[in-house]
Amino acid sequence: MDGSTNSPQVRYIDLHTHTNHSDGALSPEELVKKASELGLAAIAISDHENTDGLEEAFDSGKKYGVEVVPAVEISSYPDPLTEHHILGYYIDYKDKNLQKILKKLQDAREKRAKKVIDNLNKLGYQINFGDVKAAASGTIVQPHIAWSVITDLENRAKLKKDFGTVPDTGEFIRKYLIPGAPAYEARETLKPKEAVELIHKVGGVAAFAHPCWTTVTKENNKLVFDDKKFEQLVKAGVDGVEVLAHRGSEEDTRECVEHFTALAEKYKLVVTGGSDYHGFGSAGKSLGFTDFYLKVPYRVLEELKLRHRNSYKI
Ligand SMILES: [Zn+2]
Ligand SMILES: [Zn+2]
């Protein structure tokens, strides 16, 4: 699949975005309005373990003429040191059992956040749970914690000592919060198979989110693909994979798109694509990839709808 066509007749979409109901900056209405201003034909709202923004997004979609796709992003752990995200599209988000499980997963995030903050305090950083909770209007996720540390002036001296300069949230997360890092805590969560089954039970299509980060490392300036990790998700039963996603530079992204296009063909997975937009405008993560060579054409959504209809005979 070539996502780089930039013809004026092609309509573009974004199937991976976050609102302030998880760790995004914009409200659902602001996000949909922005999509409309950018000329996007459709966006999926895929908050972390949370579907609370969907109703507002649907109303805004009607108002601004943007097709809104209901979605959710669920973190799953095949083992305590590996984290894979799974997107669920066209889920019946009103399902009571789904909401019960999502609530449990959100509570587990909060418990984990308390432990991580405790660890950071012990490592000498100023941060407290109340501030982080207040800043996160919905689910607390790692960027909230990182942001709270790096914006607190009391941490400046220690940050400079640890990083040489004040890091951005990504750098802070990689040094302190990822599996194996000093402040990391695992949390009670789902195995990939459980997450996929949960999505299937509520009529959704499950897609492996951003494998270009979680199954790819960079060694000696070359990308190294761990297809075994990818296959963990195939075995878990995903229906699709987020092939059209950014991976740093344009060159690396092209290599990833090519690699995952081939894997999608091999395992008969539907191709999805999205920017993972959070509203903070970091490079390659602009809504609809407006600052990037990659684009997601509307036909990707048509294929996703077809997979959805075929899976559930609708
Ligand atoms: Zn993710
Ligand atoms: Zn995401």
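Anything in the range 114-131 that is over 22 Å from residue 162 (Cα atoms) and in contact (Cβ under 8 Å) with a residue 12 or more places away in the chain? List them, or say none.
114, 129, 131
If I ask for residues that are within 30 Å of residue 151 (Cα to Cα) and open to solvent by 10 Å² or more (accessible area, probe 1.4 Å), which ones from the range 205-221 would you list?
Matches in the range 205-221: 210, 213, 214, 217, 218.
For (1) surrounded by 15 or more Cβ atoms within 10 Å (Cβ to Cβ); (2) assigned to a loop (DSSP other than H, G, I, E, B); (3) at pLDDT 95 or above, each residue gets a yes or a no:
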| position | (1), (2), (3) |
| --- | --- |
| 159 | yes, no, yes |
| 171 | yes, no, no |
| 174 | no, no, no |
| 184 | yes, yes, no |
| 187 | yes, yes, no |
| 203 | yes, yes, yes |
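Scan the range 239-247 and give yes if some residue there is more than 16 Å from ligand 2 (Cβ to nearest atom), closer than 30 Å to residue 94 by Cβ, in contact (Cβ under 8 Å) with a residue 40 or more places away in the chain and open to solvent by 60 Å² or more (accessible area, probe 1.4 Å), otherwise no. Spell out the reasoning first.
At the first step, the residues of the range 239-247 found to be more than 16 Å from ligand 2 (Cβ to nearest atom) are 239.
Narrowing further to those that are closer than 30 Å to residue 94 by Cβ: 239.
Pick out the ones that are also in contact (Cβ under 8 Å) with a residue 40 or more places away in the chain and you get 239.
Retained after the next criterion (residues that are open to solvent by 60 Å² or more (accessible area, probe 1.4 Å)): none.
Within the range 239-247, none of the residues are more than 16 Å from ligand 2 (Cβ to nearest atom), closer than 30 Å to residue 94 by Cβ, in contact (Cβ under 8 Å) with a residue 40 or more places away in the chain and open to solvent by 60 Å² or more (accessible area, probe 1.4 Å).
Report whether or not residue 235 is among the basic types (Lys, Arg) and within 18 Å of the chain's Cα centre (by Cα).
Here the answer is no, as residue 235 does not meet what is asked.
Got a sec? Which helices (runs of 4 or more DSSP H) wholly within the range 14-131 have at least 2 residues that are modelled with pLDDT under 95 and open to solvent by 10 Å² or more (accessible area, probe 1.4 Å)?
96-122
The values are calculated or read from the model by the stated rules, or taken from the named source; none is laboratory data. No experiment lies behind these values; they were computed from the predicted model shown. Using ideal geometry, Cβ is built from the backbone for each residue, glycine included, and neighbour counts are taken over all protein chains shown. Accessible surface is based on the protein model in full, side chains and every heavy atom, while ligands, DNA and RNA are left aside. Shrake-Rupley method; radii C 1.70, N 1.55, O 1.52, S 1.80 Å.
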